[in-house]
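All remarks here apply to the structure that follows.
The values are calculated or read from the model by the stated rules, or taken from the named source; none is laboratory data. The shown structure was predicted, so the numbers you read here are calculated from the model rather than taken from an experiment. Please note: Cβ atoms are built from the backbone with ideal geometry, for glycine as well, and neighbour counts cover all protein chains shown.
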Amino acid sequence: MSKRVEFKVVGLTFMERYPQNLQTVQAFVVEAQTKQLGWNGEVVDEPVEVVLIRNAANEFDENAVEVHIPMLGRRSMIGHVPRDLAAKLAPSLDRGDVWKCEVETVLVSSENPDQPGIQIVIERATQVAA
């Protein structure tokens, strides 16, 4: 599996608080972008952290990987990693590999502004030796 992967989260509309949860993330991303320059003119990078949690007990997919955004509080789950990617990612997570995960962008269509999506980027941080 590639060291860096981008994907769109699936199952968003089944989550409680959708679309408000993604609108909150989008507002934070926009605010961070407007504050991009620090006091010394350097770009300030404030990514929105994402946490991937394996859910082998998921009744629909034994390779299920949940997507959580901690800044949303106790209801941080926003959806799942797509099934085909989860099948490749699950063994890595089960081994204890660590992935750095963040929001790439909140996707808002002008045709459907009330149904946003979200794209995540993950990058392998460390790999546990076998």
Tally up the residues in the stretch 24-77 that are surrounded by 10 or more Cβ atoms within 10 Å (Cβ to Cβ), at pLDDT below 75 and acidic (Asp, Glu), please. 1
When both residues are 6+ apart or on different chains and their Cβ atoms are under 8 Å apart, which pairs have a first residue that lies in the stretch 1-17 and is within 12 Å of Val81 (Cβ to Cβ), and a second that is among the acidic types (Asp, Glu) and surrounded by 15 or more Cβ atoms within 10 Å (Cβ to Cβ)? Glu6/Glu104
How many residues are of a type in the set (Gly, Ala, Ser) and at pLDDT below 90 if we restrict to the stretch 78-130? 5
